[in-house]
Amino acid sequence: MCLAIPMRVTQIEGATAIVEVSGITRKVRIDLLSDVELGDFVLVHAGLAIAKIDTHEAEETLALLKGLTNEI
Amino acid sequence: MKYSHEFRDWEIVQSIAERIRGISNRPATIMEVCGTHTMSAARFGLKSLFPDGVRLVAGPGCPVCVTAQQDIDAFLALGNIPGTALVSFGDMLRVPGSSASLEQQRAAGVDVRIVYSPLDAVDIAAREPEKQVVFFGVGFETTTPAIALAIKTAAERDLTNFSVYCVHKTMPAALRALLASGEVMVSGLLLPGHVTTIIGTRAYDFIAEEFHVPCAVTGFEPVDMMLGIESVLKQLADGDSKIDNMYARAVSSDANPLAKKLLDTIFEPCDAEWRGLGVIPASGVRIRSEYSLFDAAERFADIIKAVPVAPVSKCLCGDVLRGAIQPAQCPLFGVDCTTSNPIGPCMVSSEGACAAAYRYGGS
C-alpha cells in the first residue's frame, strides 16, 4: 500500500502539478513539497507527491554501484 | 521508468549478493517491516540470493493486514445507512469483515466506490450532495498526508457530506511495541522507505539507542533491497547498530516539515488497535475536534457503538504480522485460505505476507 511511483513534473499550477511516467500523465497535489520545478522527479502516492527525488544522489549511487560491479 | 528501472539492474543485484556472501558468517533474521518490501522480495526472488542462515520475515507494515476486524465491521456497518456511499482504496475491497467484505456488500446493493486518491472522494461528495460520502482512512504515514489534505480540502469547500473513518497507524510506536515485547527475535530491520520520506530517519533513533538493533531505511527496487540487507549484515558483523539511510535519493534525516504541519493540523495521536498486536498506546491518529464534522466516528457514533464485538478469527494472521510464524505454518495456509478464497487479510492484501508466500513460494 505504501507504493509510490517516481514521476516527472511537466506542468505546475499552484498546488497542483501534472506528472508523467512512461507516457501516462496524472494530476497530483504538491502541497508537501516547497521547491518543485518543471523536470523534477517526485514520488507519487495516492494523488499526492510525497517526496522529491534527489537525482544527483541517485546518479551517484548508481555510478558507485556500477563501478563496484565492474571491479568484480 | 526513470529512477525505478535502473535500480532493477541484475548485474548490480548480483554484485551486491556476492559482497553479502563475503560478509555473513552467521544466521540472521531480518524483518522487512513494510508490506511493499514483502512483495518486492517475493516478486524478484531475492531470498534465493541470500547466504544460508539469512532469512527475511514479514513485519507489521501492511496496513490492510493490521486493520482490526472491529474497524472493518464498523466501516461496513456504515454502508447500511440509507444514502451513504462507502469510498475506499482498492486494497480493502476484498478484506473479509466478520460477516461480509466490501465487495460482497457492493454485490448486495450497498454503494461502494473505489478511488485512487482520497481527494477523489472529496470530489464525489461535491458532485453528489445528496450522498453521505465516507472514506475508509487506512494506512501509515505515507498515506496520512493525503487523507489530511482531503479533510482540509473538504473543509475549504464547506462540504457537509464528507467524512473519514480513520484507522490510521503510525510505524515507530508499533516497532517499539514489537521490540519491547521480546517475543520476536530479529537481528535487524529493513525500515519502510516511503513512510520515512514523511517522518525522517531520526524517528527511529530509539531502535538503535534502546534496542541496539541494526536498521536500514530501504527503498523498494531489488538493488535498494539488497543494499538494505547488506547494511544490516555489515552492522551485525561489526557489532554496530545504527539507522543507515540506504534510500538517500528520497529520504532525509528530518521529517518533511510541510507534511508534519498538515498532519498536526488535522490529526492528533491516539491509542490504536492492531490486528495481531492488540492495542498499542499512541500508535494511531484521530481527527482533531476542530475537524470533527469530518470524523465518521463522531458523525455516526451511535451506529459504530452498536457494532457487535468481532468474533475471534481462526486464521493466524496476527502471528504472521508479528513475525512469530511464517505463513506456511498457519494450518489454513494454502488449504482453506488461498488468494482466490482468502480467509485472513494477509492473504487478501496484494502485499500481505501470506499472499506473497502463496503466489511466489519460498515462504
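Tabulated data for the structure shown
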{"quantity": "Condition broken by A:Ile5, with the remaining ones in (1) among the β-branched types (Val, Ile, Thr); (2) facing another protein chain (nearest Cβ under 7 Å); (3) in contact with a His (Cβ under 9 Å, 6 or more places away or on another chain); (4) surrounded by fewer than 22 Cβ atoms within 10 Å (Cβ to Cβ) satisfied", "calculated": "(2)"}
{"quantity": "A:Glu59 being among the acidic types (Asp, Glu) and either touching a Gly at 6+ places or on another chain (Cβ under 6 Å) or facing chain B (nearest Cβ under 10 Å) (or both)", "calculated": "yes"}
{"quantity": "Residue that is assigned to a helix (DSSP H, G or I), among the acidic types (Asp, Glu) and assigned by TED's automatic domain parsing to the domain that holds B:Leu76, where the choices are B:Glu273, B:Glu230", "calculated": "B:Glu230"}
{"quantity": "Test: residue in segment B:101-111 that is closer than 27 Å to B:Leu175 by Cα and either without any contact (Cβ under 8 Å) to a residue 40 or more places away in the chain or touching a strand residue (DSSP E or B) at 6+ places or on another chain (Cβ under 7 Å) (or both)", "calculated": "no"}
{"quantity": "Sole residue being closer than 24 Å to B:Val33 by Cα, surrounded by fewer than 19 Cβ atoms within 10 Å (Cβ to Cβ) and assigned by TED's automatic domain parsing to the domain that holds B:Val195, chosen from B:Arg113, B:Arg106, B:Arg94", "calculated": "B:Arg94"}
{"quantity": "Residue match in segment B:61-72 (condition: more than 11 Å from every other protein chain (Cβ to nearest Cβ), closer than 20 Å to B:Val307 by Cβ, among the aliphatic types (A, V, I, L, M) and out of contact with any Pro (no Cβ under 6 Å at 6 or more places or on another chain))", "calculated": "yes"}
{"quantity": "Selection count, segment B:147-173, where residues are part of a helix (DSSP H, G or I) and surrounded by fewer than 24 Cβ atoms within 10 Å (Cβ to Cβ)", "calculated": "6"}
{"quantity": "Scan of segment A:27-40 for residues that are at the interface with chain B (Cβ under 10 Å from one of its Cβ atoms) and either modelled with pLDDT under 95 or more than 26 Å from B:Lys152 (Cβ to Cβ) (or both), ordered by number", "calculated": "A:Ser34"}
{"quantity": "Residue check, B:Phe135 buried (at least 20 other Cβ atoms within 10 Å of the Cβ), over 30 Å from B:Ile30 (Cβ atoms) and in contact with a Pro (Cβ under 8 Å, 6 or more places away or on another chain)", "calculated": "yes"}
{"quantity": "Test: B:Val13 is facing chain A (nearest Cβ under 10 Å), within 15 Å of the chain's Cα centre (by Cα) and not in a loop (DSSP other than H, G, I, E, B)", "calculated": "no"}
{"quantity": "Test for A:Thr10: is it within 9 Å of another protein chain (Cβ to nearest Cβ), touching an Asp or Glu at 6+ places or on another chain (Cβ under 8 Å) and of a type outside the set (Phe, Trp, Tyr)", "calculated": "no"}
{"quantity": "Test result for B:Asp244, buried (at least 18 other Cβ atoms within 10 Å of the Cβ), among the acidic types (Asp, Glu) and either closer than 28 Å to B:Ile12 by Cα or within 14 Å of chain A (Cβ to nearest Cβ) (or both)", "calculated": "yes"}
{"quantity": "Qualifying residue in segment B:90-112 (condition: under 15 Å from the mean Cα position of the chain (by Cα), more than 28 Å from B:Glu268 (Cβ to Cβ) and either within 14 Å of another protein chain (Cβ to nearest Cβ) or in a helix (DSSP H, G or I) (or both))", "calculated": "yes"}
{"quantity": "Scope segment B:287-333; condition buried (at least 22 other Cβ atoms within 10 Å of the Cβ), in a strand (DSSP E or B) and modelled with pLDDT of 95 or more; matching residues", "calculated": "B:Ile287"}
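The values are calculated or read from the model by the stated rules, or taken from the named source; none is laboratory data. Here the structure is a predicted model, which means the values were calculated and not measured. Cβ sites come from the backbone with ideal geometry, for glycine too, and all protein chains shown count toward neighbours.
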